[in-house]
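The values are calculated or read from the model by the stated rules, or taken from the named source; none is laboratory data. Computed from a predicted model, the values in this text were never measured in an experiment. All Cβ positions, even for glycine, are placed from backbone atoms using ideal geometry, and neighbour counts span all protein chains on display. The area values use the complete protein model at the heavy-atom level, side chains included, leaving out ligands, DNA and RNA. Shrake-Rupley method; radii C 1.70, N 1.55, O 1.52, S 1.80 Å.
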Amino acid sequence: MSLEGLSSVQAAARLAAEGPNRLPAAERRGTAALAADVLREPMLLLLLAAAGLYLAVGDLHEALVLAASIVVVVAITVLQERKAERALEALRELASPRALVVRDGELTRIAGAEVVRGDLVVLGEGGRVPADARLAPGAGVELDESLLTGESLPVAKRAGEAVFSGTLVVRGQGRAQVFATGAKSELGRIGVSLAALEPGKTSLELETARIVKLVALFAIGLSLAMAAAHFVLRGDWIASLLAGLTLAMAILPEEFPVILAVFLALGAWRISRRGVLTRRMPALEMLGAATVLCVDKTGTLTENRMRVLDTPQAAIDVAALACELDPHDPMDRAIVDAAGAQVVQFRKDARLEKTYPLTDRFLAVCQAWRLPQGALHVAVKGAPETVLPLCGDPVGASLDDARAAAARGMRVLAVAEAVSDGEPLADPAGYPLRFVGFVKLADPLRPSVPDAVAQCRGAGIRVVMITGDFPGTALRIAADAGIDVSGGALTGRDIAALEEAALAQAVRGVSVFARVRPEQKLRLVQAYRAAGEVVAMTGDGVNDAPALKAAHIGIAMGRRGTDVARESAHLVLLEDDFGSIVDTVRLGRRIYDNIRNAMRYIISVHVPTAGMSFLPLAIGGPLFLFPVHVVFLEFVIDPACTLVYEAEKTDAHVMRRPPRDPREPLFNLNMLGVSLALGASMLAAVLAAYAWALYSGRSPGETRAVAFAAIVFANIALLFATRSRERSAAAMLREPNAALWWITAGALGALLASIYVEPVAGLFRFEPISAADLGLAAAAGLLGVAWYELRKLLRRRRPG
């Protein structure tokens, strides 16, 4: 077995010849299947029915126009679906497991799909095996193979034995040479496919589906009543059916699910551009509701680049013998890099016989080396409060030194050694340890952290730091970051001593937790939840997975995080930066605000369309809306509610307001009330323009043109007014939104063509109107939403 790995050229050739390291995927749906799915949508079914009715009465022209509109809608939807599929494929590539391999003699982290046969992969605790491989000499791991066998107990593997793709390393480390990838791996032969997993519905999707069903039932009942009333009053059953279909098309809010699909998918894409991968869509809904943000210190608040400071060389050398042989931890790497040349020679001459890992009872790492002469050399590094009592040195004075260094923001490790004869002891505390000194390390705070913490504080989000570090170090770093330290620090020992109710009370006043074991994070999450908080929690290790799952928003570290942590989380930070979390919260609030504004627009815009479908019948005027008119309006509404609102920038005050209540429904009474009031005022304005044209002697064609122009102008005015619930439409004009101007220009251009271009006007049953009449229609449309702008102005001037 080669321990040098492949060259980049060899790897590229094998990747081209044997294909990527992927499992068999579900077949992509064809264009015909996509089109068939679109044609099953209620709006398209109504259009098909209307086209069929026109054919039945011999109106081929109208039937062809509706058929053409159906083709356009299907084409646009299929293109959007294909675009969404490409975006999701890109996100899946981003989310695929990463692998650490030896390429060109150097360690390189690559996408799991790029692993090829012959690659030398580096395995470590918490990572998944990227392909079927055989362990190299010196390697020893324990694997969770439950994915393949269903057996929950770890399986020990040694050099020369095979490890399989998808299994999880729960203990140990080493290297392994790949012998099978993709479909040829054991996992591939079983036929496991991630594509077969269907994500569940989010709460927003469930709420929206419920609203759509209720409105659809209402629309069916009202459209049947409309058809019956038309037949009784005017006869002509074909016209009556068309009137009923038009009303159903005007009422049905088929845009709701489209808005959610587009906003959440594009929101996940936008967040990924900020270095955050969305694994579970509900996280996007919850981001704006987070009240507590629990973060690690090392690598999240700090730069995760440890440096050894002000430490005797003897202490560094002994500490290096208590580090892993091939360390990945930044602290261990810093110690090994600072060790002298004699440590390298010692490791060559001696044999590592036993490792005592960190435990709750023993907050230190101990390694026993067998010397060539036969004696054991024991090296220990860890928490001063654990190591110093095991030594004969004056504990009190030494602890004072450690506390003083910790108060300056340093990470302090106590180092001890012993020489022993015979076999390794079961308990490392039994060795005759001698205190060697302290290793002092510094990990500087990221420059962006204080500002990001201040933004969280302004947004009503409490930042809590959880670390395994010394309390003094934790408090100093927290204070420098701007985290509240008035409540002092609660240690892991304190957490263990508290009952659940007492812990839930204690966490209300504490924002710094030190000497915390990863498994204690779960208790902290549960305590904050019991205290009524909405919790976001970061984590990177195997033991962090339960806490990440229990949090409302679990956030895994992408660079230093384990695969099991990433798979348990809702979000993954591709760069382990606290600023990315704050950016994500801001984007999450933006997404929710924009969804809410788009929903408000949709509810409001359907009211005048539905109302003008039956009110002309009630007042004895000519019918105003036909299917072709509703199609025209839908070509304005559909792109407006998705492209315009989704592209809206983050409100300047979004991070200066408290988190939203997660129990508050999207369609609450206030939102529905304001939306319906907007729709009612638009309906009143359009009806007034219609009545004026009707009773001033305008012809039916002119009356329709005036009223239709009024409803188009009202739609455009509503679009500008509902871009923000706080800022005026005039102020929002300074915010660039290309989609808004393209849709406005397109709608106005199409309106003018429908009124003044003869063949098009004939389709809409319009006759040309004067510039004054067109101006009156525009004024009516603007007046229909003017009160909403006045309401925003009064709310801004209200004291307090």
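Summary of values
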| quantity | calculated |
| --- | --- |
| Of all residues in the range 128-154 being modelled with pLDDT of 80 or more and open to solvent by 10 Å² or more (accessible area, probe 1.4 Å), the one that is farthest from Gly182 (Cα to Cα) | Pro137 |
| Residues that are open to solvent by 70 Å² or more (accessible area, probe 1.4 Å) and either under 47 Å from the mean Cα position of the chain (by Cα) or within 26 Å of Phe720 (Cβ to Cβ) (or both), drawn from the range 758-775 | Ala771, Ala772 |
| Candidate set: the range 161-190, residues that are touching a residue at least 60 places away in the same chain (Cβ under 8 Å) and part of a strand (DSSP E or B); chosen: the one nearest to the chain's Cα centre (by Cα) | Leu168 |
| Count of residues meeting criterion [closer than 17 Å to Val318 by Cβ and out of contact with any helix residue (DSSP H, G or I) (no Cβ under 6 Å at 6 or more places or on another chain)] in the range 361-376 | 8 |
| Given (1) surrounded by fewer than 23 Cβ atoms within 10 Å (Cβ to Cβ); (2) in contact (Cβ under 8 Å) with a residue 12 or more places away in the chain; (3) not acidic (Asp, Glu), number of the condition Ala426 does not satisfy | (2) |
| Residues within the range 439-465 that are at pLDDT 90 or above and either out of contact with any helix residue (DSSP H, G or I) (no Cβ under 6 Å at 6 or more places or on another chain) or not aliphatic (A, V, I, L, M) (or both), tallied | 12 |
| Residue within the range 184-201 that is modelled with pLDDT of 80 or more, open to solvent by 50 Å² or more (accessible area, probe 1.4 Å) and over 24 Å from Ala283 (Cβ atoms) present | yes |
| 1 or more residues within 22 Å of the chain's Cα centre (by Cα): qualifying strands (runs of 3 or more DSSP E) within the range 451-538 | 462-466 |
| Residue check, Phe708 in a helix (DSSP H, G or I) and open to solvent by 30 Å² or more (accessible area, probe 1.4 Å) | no |
| Set Ala647, Ala677: member being within 31 Å of the chain's Cα centre (by Cα) and either small (Gly, Ala, Ser) or at pLDDT 85 or above (or both) | Ala647 |
| Strands (runs of 3 or more DSSP E) lying entirely in the range 290-357 (those with 1 or more residues that are more than 15 Å from Val415 (Cα to Cα), among the basic types (Lys, Arg) and modelled with pLDDT under 90) | 307-309, 351-356 |
| Yes/no for Pro327 being open to solvent by 10 Å² or more (accessible area, probe 1.4 Å) and either under 34 Å from the mean Cα position of the chain (by Cα) or of a type in the set (Ser, Thr, Tyr) (or both) | yes |
| Scan of the range 652-673 for residues that are in a helix (DSSP H, G or I) and either touching a Leu at 6+ places or on another chain (Cβ under 9 Å) or farther than 30 Å from Leu623 by Cβ (or both), ordered by number | Val654, Met655, Arg656, Leu669, Asn670, Met671, Gly673 |
| Only listed residue being under 20 Å from Glu303 (Cα atoms) and among the β-branched types (Val, Ile, Thr), chosen from Val485, Val453 | Val453 |
| Residue match in the range 721-734 (condition: in contact (Cβ under 8 Å) with a residue 12 or more places away in the chain, within 23 Å of Ala610 (Cβ to Cβ), of a type outside the set (Asp, Glu) and open to solvent by less than 10 Å² (accessible area, probe 1.4 Å)) | yes |
| All strands (runs of 3 or more DSSP E) inside the range 363-443 with 2 or more residues being in contact with a Phe, Trp or Tyr (Cβ under 8 Å, 6 or more places away or on another chain) | 364-370, 376-382, 411-420 |
| Failed item in (1) at pLDDT below 90; (2) open to solvent by 20 Å² or more (accessible area, probe 1.4 Å); (3) not polar (S, T, N, Q), with Ala383 passing the rest | (2) |
| Residue within the range 688-701 that is over 22 Å from Val628 (Cα atoms), open to solvent by less than 30 Å² (accessible area, probe 1.4 Å), hydroxyl-bearing (Ser, Thr, Tyr) and in contact with a Lys or Arg (Cβ under 9 Å, 6 or more places away or on another chain) present | no |
| Filter result for Ala565 (assigned to a strand (DSSP E or B) and either open to solvent by less than 20 Å² (accessible area, probe 1.4 Å) or at pLDDT 80 or above (or both)) | no |
| Exclusive hit being at pLDDT 90 or above and either touching a Ser or Thr at 6+ places or on another chain (Cβ under 7 Å) or assigned to a helix (DSSP H, G or I) (or both), set Ile716, Ile769 | Ile716 |
| Count of residues meeting criterion [open to solvent by less than 30 Å² (accessible area, probe 1.4 Å) and either in contact (Cβ under 8 Å) with a residue 60 or more places away in the chain or in contact with a strand residue (DSSP E or B) (Cβ under 7 Å, 6 or more places away or on another chain) (or both)] in the range 737-757 | 6 |
| Residue within the range 502-509 that is modelled with pLDDT of 90 or more and under 30 Å from Gly112 (Cα atoms) present | no |
| Unmet requirement for Ile495, which otherwise passes all of (1) crowded, with 20+ Cβ neighbours inside 10 Å; (2) closer than 25 Å to Val585 by Cβ | (2) |
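Here's the yes/no breakdown for (1) modelled with pLDDT of 90 or more; (2) more than 30 Å from Val760 (Cα to Cα):
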residue	(1), (2)
Ala688	yes, no
Arg698	no, no
Glu702	yes, no
Phe720	yes, no
Ala730	no, yes
Glu735	no, yes
Ala738	no, no
